[in-house]
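The values are calculated or read from the model by the stated rules, or taken from the named source; none is laboratory data. Everything numeric in this text was worked out from a predicted model, so none of it was measured. With ideal geometry, Cβ positions are generated from the backbone for all residues, glycine too; neighbour counts draw on all protein chains shown. Remember, those area values only see protein heavy atoms, side chains included, never the ligands or the DNA or RNA. Shrake-Rupley method; radii C 1.70, N 1.55, O 1.52, S 1.80 Å.
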Amino acid sequence: MKSITITAKVKLYPTSEQMIILNKTLSVIRDVLNFVSTFVFGQEGIRYLELDHALYYPVRQQFGLRSQMTQSVFKTVLAKYKSMKSNGHPFSKASFRNFEYDLVWNRDYSISDQSVSLNTLSGRLHIPFELKGMEHWFRSGGHFGTAKLIRKNRKYYLHIPVTLEVESMNILNHIVGIDLGVNYLAVSFDDEGNTRFFYGRAIKEKRAKALALRKRLQACGTKSAKRKLKKLREKETRYVTAVNHAVTKALISQYGAGTLFIIENLTGIRTATEHVRLKSRYVMVSWAFYQFREMLEYKAALSQSEVLAADPKYTSQSCPVCGNTTKANRNRKRHEFCCTVCGYRSNDDRTGAINIYRKGFNTLFAEACQA
């Protein structure tokens with residue numbers, strides 16, 4: 001058995017009176033988050049117990065927060081600073097601009113068949129909700145974690161992390177290497193020698209047009225332009241998510257249960273793109289590769305398959321026939337791989353998928369020998 005966690009995005013449908021209460025609660029929570037953040041910024045390295053001792057009663061008296069809400073705010077602020085540090089950002093004051101509120105399961109929120117019960121400044125609210133395809137996660141005996149209440153474009157959502165126990169892979173039926181990129185979002189190579197290309201050129205062109213429009217709106221600088229910029233960013237985020245969902249779903253559907261997917265470990269890709277031309281940096285750095293990996297991992301787990309991350313070094317420069325490794329093997333402009341020693345020729349992304357497949361196969365073979 002193994003645990004997987006997915007964030008269920010639940011849309012809420014509050015009444016007009018409930019909206020007023022939610023807006024007031026979210027507004028006060030945001031004020032408290034920034035108030036506590038200012039204190040933490042002046043007390044670098046402060047721990048939760050020290051923060052609780054220093055601000056618990058002042059926050060409750062000044063802002064009228066309930067006990068559990070106050071403690072949630074402290075944890076949210078400290079988590080924000082911890083995240084900034086782990087991402088390598090210099091210590092600076094964290095600012096909270098969005099209307100968000102963290103709620104602890106069975107304390108600040110609970111769920112019934114018809115409504116979600118939320119803790120607010122005016123007591124409990126019972127609000128109807130809509131799952132939209134998330135029914136499986138709510139009816140499978142999953143464990144609910146700390147949720148986040150979000151107000152976005154005058155709509156209300158509850159993001160709930162749900163953890164399920166699923167069966168681990170018992171039988172290995174397929175090994176599939178996956179190379180991720182831009183011209184091809186993904187190229188898969190399996191143990192039967194089959195290759196599948198997921199084309200990305202049209203997506204690349206569509207995002208290039210969106211980038212050009214965004215630059216024009218930024219240069220304009222009016223309030224109307226800023227509103228359009230916000231909508232454009234949200235639209236692109238939804239588009240990227242939808243594409244990643246479609247590709248990962250297609251991969252899982254094609255190979256079925258008992259598949260080991262070998263995928264590139266693209267951790268640190270943002271640092272690596274410092275050496276990429278400025279003109280190409282947006283395309284290389286902005287695609288949600290990590291989101292793709294997360295989606296593939298949880299979908300694979302649900303289908304009793306697994307995902308293994310392999311080192312992507314030299315996978316597009318190494319010849320899968322003779323092992324010759326050099327930059328000269330790859331022609332990026334023509335998306336072609338041609339070995340300078342043995343003459344092996346193929347698509348460069350397909351060659352990358354073959355090498356990733358072999359890295360995963362070699363890892364399995366080494367583990368089997370050690371066992």
- Task: Quickly run through the stretch 347-371 and pick out the residues that are closer than 19 Å to GLY193 by Cα and without any contact (Cβ under 8 Å) to a residue 24 or more places away in the chain.
- Result: ASN362, PHE365
- How many of the residues in the stretch 47-93 are of a type outside the set (S, T, N, Q), in contact with a Phe, Trp or Tyr (Cβ under 9 Å, 6 or more places away or on another chain), under 20 Å from GLY123 (Cα atoms) and without any contact (Cβ under 8 Å) to a residue 24 or more places away in the chain? 1
- Item | Yes/no for LEU211 being of a type outside the set (Gly, Ala, Ser), touching a residue at least 60 places away in the same chain (Cβ under 8 Å) and over 27 Å from ALA300 (Cβ atoms) | yes
- Message: All but one of (1) loosely packed, with under 14 Cβ neighbours inside 10 Å; (2) farther than 30 Å from ALA242 by Cβ; (3) modelled with pLDDT of 85 or more; (4) within 29 Å of the chain's Cα centre (by Cα) hold for HIS275; state the number of the condition that does not hold.
- Response: (3)
- Task: Could you tell me which numbered condition LYS82 fails, if it satisfies all but one of (1) among the basic types (Lys, Arg); (2) loosely packed, with under 15 Cβ neighbours inside 10 Å; (3) within 26 Å of TYR156 (Cβ to Cβ)?
- Result: (3)
- Message: I'd like the residue in the stretch 1-21 that is part of a helix (DSSP H, G or I) and under 17 Å from ASN119 (Cβ atoms) and, out of all such residues, is least open to solvent (accessible area, probe 1.4 Å).
- Response: GLN18
- TRP137 under 30 Å from SER16 (Cα atoms), at pLDDT below 90 and either out of contact with any Asp or Glu (no Cβ under 8 Å at 6 or more places or on another chain) or among the aliphatic types (A, V, I, L, M) (or both): yes
- Selection from the stretch 258-272 of residues at pLDDT 90 or above and surrounded by fewer than 19 Cβ atoms within 10 Å (Cβ to Cβ) yields GLY258
- Query: Looking only at the stretch 216-242, which residues are assigned to a helix (DSSP H, G or I), of a type in the set (Val, Ile, Thr) and either closer than 15 Å to ILE178 by Cβ or open to solvent by 20 Å² or more (accessible area, probe 1.4 Å) (or both)?
  - Reply: THR237, THR241
- Got a number for residues in the stretch 326-335 being surrounded by 15 or more Cβ atoms within 10 Å (Cβ to Cβ) and under 33 Å from the mean Cα position of the chain (by Cα)? 1
- Lone unmet requirement of (1) within 26 Å of the chain's Cα centre (by Cα); (2) open to solvent by 70 Å² or more (accessible area, probe 1.4 Å) for VAL321: (1)
- Message: For the stretch 179-206, give me each residue that is among the small types (Gly, Ala, Ser) and touching a strand residue (DSSP E or B) at 6+ places or on another chain (Cβ under 6 Å).
- Response: ALA186, SER188, GLY200
- Task: Look at the stretch 193-215 and say how many of its residues are surrounded by 13 or more Cβ atoms within 10 Å (Cβ to Cβ) and either outside any helix (DSSP H, G or I) or aromatic (Phe, Trp, Tyr) (or both).
- Result: 5
- Taking interchain pairs and intrachain pairs at least six residues apart, which have beta carbon atoms under 7 angstrom, with the first residue in the stretch 160-178 and assigned to a loop (DSSP other than H, G, I, E, B) and the second loosely packed, with under 13 Cβ neighbours inside 10 Å and of a type in the set (A, V, I, L, M, F, W, C)? GLU167/MET1; SER168/MET1
- Query: Going by the structure shown, is LYS132 closer than 23 Å to LYS155 by Cα, in contact (Cβ under 8 Å) with a residue 40 or more places away in the chain and in a loop (DSSP other than H, G, I, E, B)?
  - Reply: yes
- Query: For the stretch 1-25, which residues satisfy the criterion of being among the hydrophobic types (A, V, I, L, M, F, W, C) and over 20 Å from the mean Cα position of the chain (by Cα)?
  - Reply: MET1, LEU12, MET19, ILE20, ILE21, LEU22
- Message: Restricting to the stretch 96-113, name every residue that is surrounded by 11 or more Cβ atoms within 10 Å (Cβ to Cβ) and small (Gly, Ala, Ser).
- Response: SER110
- Item | Number of positions in the stretch 22-55 that are open to solvent by 70 Å² or more (accessible area, probe 1.4 Å), not in a helix (DSSP H, G or I) and not basic (Lys, Arg) | 2
